[in-house]
Structure formats: structure tokens, C-alpha cells
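**Student:** Structure in C-alpha cells, see below.
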Amino acid sequence: MKNGKKPTRQQQVAIIAAKLDPKDWLVMKNLSNELHILHRDNKDLKVIPA
């Protein structure tokens, strides 16, 4: 699995809109219509609209 990256400001807004804390999530894949994020601690993978 690739290493996740720290979310940018725009990605943080999308994560907050999904009712999640951006401090706890890393961005795995940034597509035009969705964002694949990985939890820092328990490695849960979620797909949220971007």
C-alpha cells in the first residue's frame, strides 16, 4: 500500500464536509469526483465525495 499524504486545504474542507476530523486522515487517492482517505491509526479506508 502506498503512503498517504497530508490533506491540502481544499481536501480538508471535503473531509470536514463528510463530518470527519482532517487531523486523523491521510489522502491516498485524489480523483476528480471522489477522495480516498486512510485513517492514521486504525487504517480504515473511506471514499468521500470531493
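**Student:** Could you list, in sequence order, all residues of region 1-19 that are at pLDDT below 95 and open to solvent by less than 100 Å² (accessible area, probe 1.4 Å)?
**Tutor:** G4 - this is the single residue of region 1-19 that is at pLDDT below 95 and open to solvent by less than 100 Å² (accessible area, probe 1.4 Å).
**Student:** Taking interchain pairs and intrachain pairs at least six residues apart, which have beta carbon atoms under 9 angstrom, with the first residue in region 19-41 and of a type in the set (D, E) and the second in a strand (DSSP E or B) and open to solvent by less than 60 Å² (accessible area, probe 1.4 Å)?
**Tutor:** D24/H39; E34/I48
**Student:** I'm trying to understand the selection: among the residues of region 1-30, which are part of a helix (DSSP H, G or I), within 16 Å of D44 (Cα to Cα) and in contact with a Leu (Cβ under 8 Å, 6 or more places away or on another chain)? Give the steps one after another, and end with the answer.
**Tutor:** First pass over region 1-30, keeping only residues part of a helix (DSSP H, G or I): 9-17, 22-24.
Narrowing the set further to residues that are within 16 Å of D44 (Cα to Cα) leaves 15, 22-24.
Of everything in region 1-30, just one residue is part of a helix (DSSP H, G or I), within 16 Å of D44 (Cα to Cα) and in contact with a Leu (Cβ under 8 Å, 6 or more places away or on another chain), namely I15.
The values are calculated or read from the model by the stated rules, or taken from the named source; none is laboratory data. Given the structure is predicted, the values throughout are model-derived calculations rather than measurements. Quick reminder, even Gly has a Cβ in these numbers, built from the backbone with ideal geometry, and neighbours come from all protein chains shown. Only protein heavy atoms, including side chains, enter the accessible area calculation; ligands, DNA and RNA are left aside. Shrake-Rupley method; radii C 1.70, N 1.55, O 1.52, S 1.80 Å.
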